[in-house]
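Novice: Pasting a structure below so you can have a look.
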Amino acid sequence: MIGNKKVGVGIATYNRPEGLLKLYNSLPFDVIDEIIIVNDGDRQLHFDEIPHLVINNETNLGVGKTKNIALRYLLSKKCEHFFLLEDDIYIKDPAVFERYISVSKATGLQHLNFSQHGNGNKDENKKPRPNLTVSYDEFELPLYGFCVGAFSYYTKRCLDKIGLMDENYFNALEHVDHTIMVYKAGMHTSFGYCPDIPNSWDYIGDDEWSESQSTIHRRDNFNQIASVAMQYFREKHGCSPIDFMEKDQRKVIAMLKGIKAKYSRVNVFFKR
């Protein structure tokens, strides 16, 4: 527990057994109340030795449905803090869950994503590249251009409001869609300004991303999968994800002030 609230961790894995075991063995079990692993790939004998719940999907359901299985279980166990993890990241600092929760409480943001998995939020030198950094009393909050779903935090209030991931997606845009639903609910900033904790790379490590490393991107039909997902996204929302991006950063700061005023649990004030 953290702050007398149950912490739940759901892990989605697909044909990366070494990565899954590395992640699992890096978890700070002392603060986690519920763990579920959902295997969306081939059956792995090593997973039978894991003492926590492991679900093996009978067929490849995709990321969204797989993570929803985890979320339903964690909700049934009355968790208050939800962390969804993928099998190509691992924990470097055991205080990572406390840090995400504390930043959520300070800012009022009900959903946060680890930004540094992959290359989308890095410059040509592989350094973090936020679109905006906003100062609070105790830290500076970075907001990044791309929504990445390898490590995600949700409050129970957030999931109660927006529900689970849209299962019409298959291995593309499900995380973007879900985060935009949080934005529409007034609990997150707009697309293009995805908040993360400060220095998140000190808390979470990942395998260096590439298309060949990614079990999703290296599929022969990934471009078709992404195209179908984008078409569905446009039909659902009436526009592309980039159209949700707020061009005026002053309005982004205004969003953050409104979210803090409504949801912040500690006395934190903007410096700007």
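The values are calculated or read from the model by the stated rules, or taken from the named source; none is laboratory data. Bear in mind the structure is a predicted one, so any value in this text is a computation, not a measurement. Neighbour counts run over all protein chains shown; Cβ positions are idealised from the backbone, glycine included.
Novice: Can you give me the number of residues within the range 103-129 that are more than 26 Å from residue 63 (Cα to Cα) and assigned to a loop (DSSP other than H, G, I, E, B)?
Specialist: 7
Novice: Considering only the range 159-167, I want to know if a residue exists there that is modelled with pLDDT of 90 or more, assigned to a loop (DSSP other than H, G, I, E, B) and over 30 Å from residue 264 (Cβ atoms).
Specialist: Yes, because at least one residue in the range 159-167 is modelled with pLDDT of 90 or more, assigned to a loop (DSSP other than H, G, I, E, B) and over 30 Å from residue 264 (Cβ atoms).
Novice: Kindly provide the set of residues from the range 1-46 that are among the hydrophobic types (A, V, I, L, M, F, W, C), assigned to a helix (DSSP H, G or I) and modelled with pLDDT of 95 or more, ordered by number.
Specialist: Within the range 1-46, 20, 21, 23, 29, 31 meet the criteria.
Novice: Quickly run through the range 24-47 and pick out the residues that are without any contact (Cβ under 8 Å) to a residue 40 or more places away in the chain, surrounded by 19 or more Cβ atoms within 10 Å (Cβ to Cβ) and either in contact with a Lys or Arg (Cβ under 6 Å, 6 or more places away or on another chain) or among the hydrophobic types (A, V, I, L, M, F, W, C) (or both).
Specialist: Correct list: 35, 36, 37, 38.
Novice: Tell me which of these residue 152 doesn't satisfy, since it passes every other one: (1) without any contact (Cβ under 8 Å) to a residue 40 or more places away in the chain; (2) not in a loop (DSSP other than H, G, I, E, B).
Specialist: With (1) without any contact (Cβ under 8 Å) to a residue 40 or more places away in the chain; (2) not in a loop (DSSP other than H, G, I, E, B) applied to residue 152, the lone miss is (1).
Novice: How many residues does the range 174-199 contain that are surrounded by 23 or more Cβ atoms within 10 Å (Cβ to Cβ) and either modelled with pLDDT under 95 or not in a loop (DSSP other than H, G, I, E, B) (or both)?
Specialist: The number of residues fulfilling the criteria is 5.
Novice: Here is a further query. Report yes if residue 125 is surrounded by fewer than 19 Cβ atoms within 10 Å (Cβ to Cβ), under 27 Å from residue 232 (Cβ atoms) and at pLDDT below 95, otherwise no.
Specialist: Working: surrounded by fewer than 19 Cβ atoms within 10 Å (Cβ to Cβ): yes; under 27 Å from residue 232 (Cβ atoms): no; at pLDDT below 95: yes.
Answer is no for this residue.
Novice: Among the numbered criteria (1) within 19 Å of residue 12 (Cα to Cα); (2) at pLDDT below 90; (3) part of a helix (DSSP H, G or I), which one does residue 223 miss?
Specialist: Every condition holds for residue 223 apart from (1).
Novice: Which members of the range 49-74 meet the condition of being farther than 11 Å from residue 38 by Cα, in a helix (DSSP H, G or I) and either without any contact (Cβ under 8 Å) to a residue 60 or more places away in the chain or over 17 Å from the mean Cα position of the chain (by Cα) (or both)?
Specialist: The one that is farther than 11 Å from residue 38 by Cα, in a helix (DSSP H, G or I) and either without any contact (Cβ under 8 Å) to a residue 60 or more places away in the chain or over 17 Å from the mean Cα position of the chain (by Cα) (or both): 49.
Novice: Which of the residues spanning the range 48-70 are surrounded by 17 or more Cβ atoms within 10 Å (Cβ to Cβ) and more than 17 Å from residue 171 (Cα to Cα)?
Specialist: The one that is surrounded by 17 or more Cβ atoms within 10 Å (Cβ to Cβ) and more than 17 Å from residue 171 (Cα to Cα): 54.
Novice: Looking for something of a type outside the set (Asp, Glu) and without any contact (Cβ under 8 Å) to a residue 12 or more places away in the chain - is there at least one such residue anywhere in the range 106-113?
Specialist: no
Novice: A further question on this structure: So in the range 200-220, with the set limited to residues that are among the acidic types (Asp, Glu) and either at pLDDT below 95 or within 24 Å of residue 168 (Cα to Cα) (or both), which one is nearest to the chain's Cα centre (by Cα)?
Specialist: That would be 206.
Novice: Can you list residue pairs whose Cβ atoms sit under 6 Å apart, with the first residue in the range 5-17 being closer than 19 Å to residue 59 by Cβ and without any contact (Cβ under 8 Å) to a residue 40 or more places away in the chain and the second being of a type outside the set (A, V, I, L, M) and surrounded by fewer than 24 Cβ atoms within 10 Å (Cβ to Cβ)? Count only pairs 6 or more apart in sequence or on different chains.
Specialist: 17/44; 17/46
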